[in-house]
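*Asks:* Can you keep this structure in mind? I'll have questions shortly.
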Amino acid sequence: RIHSPELSEEAKAEVTAVLRRMRGLEAGEPDTFQIAAIDQFISQFKALAAGITAIAGGIVGISLLVGGIGIMNIMLVSVSERTREIGLRKAVGATPTAILMQFLLEAVTLCGVGGFIGVAIGQAFAFGLTRIPNAQLDQAEVPLWAIVMAFLFSGAVGVIFGMFPAIKAARLDPIEALRHE
């Protein structure tokens, strides 16, 4: 048994010599066996895992973009449907910052609810994996860091894609907004 990866080539050479002697192979004959170090398989697995991670990252990025555009559209519709309310609030003294924060908070809340639903579905899948008989997945769980990251991304999507509708609402002229039908 070797204790460091640097010695793997020496160990392979020794094992090759022992196996050739045990099998009675002469100096010019080809090996009738194959020796592979686990580090080769680990490097292949890491390359495969990196490729899968990149593909999954692309899919997640596209999903966040599509979800963010959906949030922006929902918030733009909300602003246009509540134009009179925004005009009334501004007419009685609401500052543009208060209007901006109201719509940003709505966008973040909307994304937070979506994030909660996503985390709940993920937890349900992890729980379902633990219930598969003979699968040896009894410790499948969603780690806390993944849950925190999910909520941080949800909040970031709400802020980023809710900003344009919130700015649009904050910049409305109160007189024009009150005339809106």
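The values are calculated or read from the model by the stated rules, or taken from the named source; none is laboratory data. Not measured: the values here are computed from a predicted model. Counting neighbours? That spans all protein chains shown, and the Cβs are built from the backbone with ideal geometry, glycine included. Ligands, DNA and RNA are stripped out before the accessible areas are found, and what is left, the full protein with its side chains, is counted by its heavy atoms. Shrake-Rupley method; radii C 1.70, N 1.55, O 1.52, S 1.80 Å.
To keep it simple, each residue is scored yes or no on (1) within 28 Å of residue 76 (Cα to Cα); (2) at pLDDT below 95; (3) in contact with a helix residue (DSSP H, G or I) (Cβ under 8 Å, 6 or more places away or on another chain).
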site	(1), (2), (3)
105	yes, no, no
130	no, yes, no
136	no, yes, no
139	no, yes, yes
143	no, yes, no
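*Asks:* Do we find that residue 121 is under 23 Å from residue 89 (Cα atoms), of a type in the set (Val, Ile, Thr), open to solvent by 80 Å² or more (accessible area, probe 1.4 Å) and out of contact with any strand residue (DSSP E or B) (no Cβ under 9 Å at 6 or more places or on another chain) in this structure?
*Replies:* Working: under 23 Å from residue 89 (Cα atoms): no; of a type in the set (Val, Ile, Thr): yes; open to solvent by 80 Å² or more (accessible area, probe 1.4 Å): yes; out of contact with any strand residue (DSSP E or B) (no Cβ under 9 Å at 6 or more places or on another chain): yes.
Answer is no for this residue.
*Asks:* Next question. Please specify each residue of segment 15-44 satisfying the condition of being part of a helix (DSSP H, G or I) and in contact with a helix residue (DSSP H, G or I) (Cβ under 9 Å, 6 or more places away or on another chain).
*Replies:* Once the filter is applied, which keeps residues that are part of a helix (DSSP H, G or I) and in contact with a helix residue (DSSP H, G or I) (Cβ under 9 Å, 6 or more places away or on another chain), segment 15-44 yields 38, 39.
*Asks:* Please list, ordered by first then second residue, the pairs with beta carbon atoms under 7 Å, 6 or more apart or interchain, first in segment 55-72 and at pLDDT 95 or above, second open to solvent by 60 Å² or more (accessible area, probe 1.4 Å) and among the basic types (Lys, Arg).
*Replies:* none
*Asks:* Sort through 56, 13, 17, 49 and tell me the only one that's under 30 Å from residue 158 (Cβ atoms) and open to solvent by less than 70 Å² (accessible area, probe 1.4 Å).
*Replies:* Working: 13 fails: under 30 Å from residue 158 (Cβ atoms); 17 fails: under 30 Å from residue 158 (Cβ atoms); 49 fails: under 30 Å from residue 158 (Cβ atoms).
After applying the criteria, what remains is 56.
*Asks:* Where residues in segment 63-93 are small (Gly, Ala, Ser) and part of a helix (DSSP H, G or I), which of them is farthest from residue 157 (Cα to Cα)? Give the steps one after another, and end with the answer.
*Replies:* We begin by selecting, within segment 63-93, every residue small (Gly, Ala, Ser); these are 63, 67-68, 70, 78, 80, 87, 91, 93.
Within this subset, residues satisfying the condition of being part of a helix (DSSP H, G or I) are 63, 67-68, 70, 78, 80, 87, 91.
Values: 63: 11, 67: 8, 68: 6, 70: 11, 78: 17, 80: 21, 87: 27, 91: 31 Å.
Result: 91.
Yes or no, residue by residue, for (1) in a helix (DSSP H, G or I); (2) in contact with a Phe, Trp or Tyr (Cβ under 9 Å, 6 or more places away or on another chain); (3) of a type in the set (Phe, Trp, Tyr); (4) under 19 Å from residue 61 (Cα atoms):
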| site | (1), (2), (3), (4) |
| --- | --- |
| 109 | yes, no, no, no |
| 112 | yes, yes, no, yes |
| 115 | yes, yes, no, yes |
| 118 | yes, no, no, yes |
| 128 | yes, no, no, no |
| 133 | no, no, no, no |
| 138 | no, no, no, no |
| 158 | yes, no, no, yes |
